[in-house]
Amino acid sequence: MIFNYKNEEFGPFFTHEPDDIIFPLDSDEKKVVMHCEARGNPAPTYSWHLNQTEIDSEADFRYSVVEGSLIINNASMASDYGMYQCKAENSFGTILSRDALLRFAYLNDFSRKARGDVSVREGQGVVLMCTPPPHSPEIIYSWVFNEFPSFVAEDSRRFISQHTGNLYISKVQPSDVGSYICLVKNTVTNARVLSPPTPLTLKTDGIMGEYEPKIEVHFPPSVLAARGATVRLECFALGNPVPTITWRKINGNIPKKARLRKSQAVLEIPNIQLEDSGTYECKAENPRGGTAFKALPQWVRMINDTQMDSGEKLRWECKATGRPRPTYRWLRNGLPLTSQILNGELTIHKVQQTDSGMYQCVGENKYGAIYSNAELKILASAPVFVDNPVWVIATLGKDVSLDCKPRASPKPRILWKRGDRRIQPNKRIMLLRNNTLRIVNSSRTDEGSYVCRADNQFGSAEMTAVLSIVLTDAMRVELSPHRVEVTVGESVVLSCKATHDTSLDVTFQWFFNQRPITFQQDGGHFEYIQTVRSSTVDLMIRNILLRHAGRYGCRAQTSADTVTAEAELLVRGPPGPPGVVIVEEITDATATLSWTRGLDNHSPISTYNLQARSPFSLGWQTVKTDPDPVTGDLESAMAVQLNPWVEYEFRVVATNAIGTGDPSVPSRGVRTKEAVPSVAPANVSGGNGRRHELVILWEPVSEEFQNGEGFGYIVAFRANGTRGWKEKMVTSADSTMYKYRDETFPPLTPFEVKVGVYNNKGDGPFSKVVIIHSAEGEPKEAPSDVKAYSISSSEIRLTWKPSPGPGKPKGYEVYIKCVLDGAQIHALTVKNETTIILTGLEGNTRYQFTVNGFNSVGQGPASAAVSAKTRRSRKPPAQPPSNLMWIQEGNNVSLSWEPVKAKENESDVIGYMVLLKQEGRGYNQVTRTINPSTMLCLPEGGTYIIEVRALSEGGEGALSSQVRVVTSSGKTHTI
């Protein structure tokens, strides 16, 4: 028997549809990838549409489609912003993906136009406008007071709207006077820009009296939010005294999950559901507006792939929920269908071959659309027999079956004949429901030809089965071992032995889970072994994997019989992945997880390991549990010691005696509850700054440990020896510095300082107390013992002793005055150096010097003046050495001359240079001396020339006249 296995062909379906993307315009890569992937057989081809117009990726080099995904190079907002849709098609039909919006994230600079002063009376309310620059998408607003990073702290009197960006001060106090700068941050790119300052001043014509509240920040009459999102309602009023904000829900109660923020100016409702809709009222005095919530469509009933015979009735219904109620439309191969549709239901009374294709039901309301896809196959073909004729050999007295399995659609009518006569069923000859003809207790009279005829409306076909009866005994097959257990990585041999009529040839075939084994594939795990005895074959399975567990069959076949025997192979291995992980309960530090058992792979599960992943972890990390350990009989446990207000995913890994298995699919992401912060800032330090400033620095607390929204810092300090702590709130979680200014305390006053943390749940711990000194004053005393030394015609060295007393200098400033013409310059030293070499001065000139210390606060008093004169200029002497005399004794020459005296504008002579050369050649010997005489040793043979130059700081002087010496001469010459 021949087996043909062919992959089933089917229409496309999406395994990955494109998602909405916000792409940063300042990205270095400038490449956007819209993901799309579909499966189908034949493999689908892809195309893309932008705003319902097909993208020609061949004409525009910026676009390319790689394995279905659209890649946009050098993306720009002008040409690429819009709605994208992926289309996948093969020979069975076409489907369209959901729409995906590509937006671009950017944040322009504020206009640099100066902003005018805002002047109000004390006690009056004021609104400072942010007027943000063009941006996308949302931005976060904060305000800087006077200088960065001193942020405006929000309280019952001050409020920053995250809708308008404006700063609202309900009742202005004198401490509010100053300069205000609006800071905006892009939520995608994290880019920040600052507005020009807005000065706030107080009028001098009186103080504002008490007045009734006026709501300046109010939410609109209707607020739309997607299910599961967080709704944020703002309400703030100006007034004197400062108004109190209260909230209520008309005809109902505010949900327990709701939270009040920013001194009750903000009402937050997380995980919004339909039952949370209603009318909400904010009261400072004037009630405002209500809320309603939107709901995107969600499928309740979807369509599925369907195969039908031609002429049958198709009824497809899709149903979705949503608010507003969704409407429906249908697509076939990406094109709209208009007929045969009623209330979202598609009906085709008699399907035809032309109705085949890919169908999509689209449920949509004004907030979005969802797609349900299915393939419709119409089967319509005349009967066809693959094998015709078929020869069947049966053993005498045994039962025999003749199959009739034509390919046809719709199902054909079947008729069996023997010769020209229709076969009538009886007790020995039966026609089974699957159209098989069964003959019981076969005899010689049953031999012959049998004909199966198949008919449907598209045609007919016949198949002939030729039956032969033989006398041989039935063949037996034994497969051993019948059942075997092995561990992953081991090997096993299955032996198949056939007992049969030796006059007949036997062939063998191995099966795994009823499918023939292909020995050339499967990574070499299977080997077919033919033993010496032709009636026995072995199957070796090497390096067994879990997927090799199952039923193995050995089929032995002769011309008279076919017999199959089976054996079961059990494979012990590490456990399979546990089932879906569900987060049943979440607190600020724990998560109760449950899961379903996975396969133990024939070795009992001993323990489970719980793992978590967060934006702050390096991949998956094992978490502590309760109980510990989590034994294999449990399907629930609690993850403990989690960080509050952190989004986690969880997964579970099972372990048995063989090893540790694959992890489960991660749970949905959940955020732990908020809690009071538990980690204080580290490395609190400070110092320096301007006069009368206390500068306090710290390392910011990581977002992982902020434990909730509204995180900020409490800076507490007090002068040593005092009792009460001053506390200042720093509202920015990113802040690392606070400056306190008070002109009443002297320089370098020691302060006890600690920095704490807080969030909307309460105050956390403080750091350890450290001592930080306020800024020092300028140096109080002048440097002493100032001395000046001339070291060349253009350099003078200056030294001094440091400034004593308070106001430690960070450096010194030297003032230089030319005594001759009064010209003045100055130079700086770095750190605490107390010496400097002044260069570039005029030669033979007297200078006067003073030194004073300085630091970041200011400059101290000047020292007493000292003076020094540079040496003469570096001009060499113009007068050459004269009256040279020499005495030769053998090869030795004693040479002398009259000293050279430098003139007023020349450098002093510091020595002489004697040059010796052989006549006609270059100098080969140079001798230096400080005296006007020297002794020379000349080489033998030849005539030599001797010359002398004077040396000075300004360089070499003029050459003397030449002396000619012959080494054989011993005379004395006078020049």
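The values are calculated or read from the model by the stated rules, or taken from the named source; none is laboratory data. Since the structure is predicted, the reported quantities are computational estimates derived from the model, not experimental observations. Ideal geometry is used to build each Cβ from the backbone, glycine not excepted, and the neighbour counts take in all protein chains shown. Heads up: the accessible areas ignore ligands, DNA and RNA and are worked out on the full protein's heavy atoms, side chains in. Shrake-Rupley method; radii C 1.70, N 1.55, O 1.52, S 1.80 Å.
Observations
- Cβ pairs under 9 Å, 6+ apart, first in region 443-460 and without any contact (Cβ under 8 Å) to a residue 24 or more places away in the chain, second polar (S, T, N, Q): Glu447/Ser468
- Those strands (runs of 3 or more DSSP E) of region 421-467 in which at least 3 residues are within 16 Å of Val384 (Cβ to Cβ), considering only elements entirely within it, cover 448-456.
- Single residue of Val900, Val893 found to be part of a loop (DSSP other than H, G, I, E, B) and out of contact with any helix residue (DSSP H, G or I) (no Cβ under 9 Å at 6 or more places or on another chain): Val900
Condition check ((1) under 60 Å from the mean Cα position of the chain (by Cα); (2) of a type outside the set (Lys, Arg); (3) on the phi > 0 side of the Ramachandran plot) across all residues:
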site: Arg846; (1), (2), (3): no, no, no
site: Asn855; (1), (2), (3): yes, yes, no
site: Ala865; (1), (2), (3): no, yes, no
site: Lys869; (1), (2), (3): no, no, no
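- The number of residues in region 639-651 being in a strand (DSSP E or B) and surrounded by fewer than 20 Cβ atoms within 10 Å (Cβ to Cβ) comes to 2.
- Check on Ile71, surrounded by 13 or more Cβ atoms within 10 Å (Cβ to Cβ) and under 24 Å from Gly334 (Cα atoms): yes
- When we screen Asp561, Asp505 for residues that are crowded, with 18+ Cβ neighbours inside 10 Å and either acidic (Asp, Glu) or at positive phi (or both), the only hit is Asp561.
- Some residue of region 235-255 being surrounded by 19 or more Cβ atoms within 10 Å (Cβ to Cβ), under 37 Å from the mean Cα position of the chain (by Cα) and at pLDDT below 85: no
- Inspection of region 331-341 finds no residue satisfying the criterion of being open to solvent by less than 10 Å² (accessible area, probe 1.4 Å) and among the β-branched types (Val, Ile, Thr).
- Selection of region 909-952 for residues being among the hydrophobic types (A, V, I, L, M, F, W, C) and modelled with pLDDT under 85 yields Val926, Leu938.
- Looking at region 730-818, the strands (runs of 3 or more DSSP E) lying wholly inside it that each contain 1 or more residues that are closer than 18 Å to Arg718 by Cβ sit at 737-741, 750-759, 762-766, 770-773.
- Leading residue by the ranking (farthest from Pro412 (Cα to Cα)) among those in region 422-442 that are touching a residue at least 40 places away in the same chain (Cβ under 8 Å) and aliphatic (A, V, I, L, M): Val440
- Counted residues, region 806-851 - those being of a type outside the set (A, V, I, L, M, F, W, C), over 21 Å from Pro783 (Cβ atoms) and open to solvent by less than 80 Å² (accessible area, probe 1.4 Å): 5
- When Asn190 is tested against (1) under 22 Å from Phe110 (Cβ atoms); (2) in contact (Cβ under 8 Å) with a residue 12 or more places away in the chain, just one condition goes unmet, and that condition is (2).
- Exactly one residue out of Tyr180, Tyr141 is in contact with a Ser or Thr (Cβ under 6 Å, 6 or more places away or on another chain), in the same structural domain as Glu281 (by the TED database), in contact (Cβ under 8 Å) with a residue 24 or more places away in the chain and closer than 19 Å to Asp109 by Cα: that is Tyr180.
- Within region 759-794, the set of residues being within 17 Å of Val851 (Cβ to Cβ) and either free of Cβ contacts under 8 Å to residues at least 12 places away in the same chain or not hydroxyl-bearing (Ser, Thr, Tyr) (or both) comprises Glu778, Pro779, Lys780, Glu781, Ala782, Pro783, Asp785, Val786, Lys787, Ala788.
- All conditions in (1) open to solvent by 40 Å² or more (accessible area, probe 1.4 Å); (2) over 30 Å from Asn855 (Cα atoms) hold for Gly708, with the sole exception of (1).
- Subset of region 32-44 that is part of a strand (DSSP E or B) and open to solvent by less than 80 Å² (accessible area, probe 1.4 Å) - its residue that is nearest to Ser136 (Cα to Cα): Val32
- Residue within region 16-26 that is within 22 Å of Thr189 (Cβ to Cβ), of a type outside the set (D, E, K, R) and outside any strand (DSSP E or B) present: yes
- Conditions (1) in a loop (DSSP other than H, G, I, E, B); (2) open to solvent by less than 40 Å² (accessible area, probe 1.4 Å); (3) of a type in the set (Phe, Trp, Tyr); number of the one not met by Phe519: (2)
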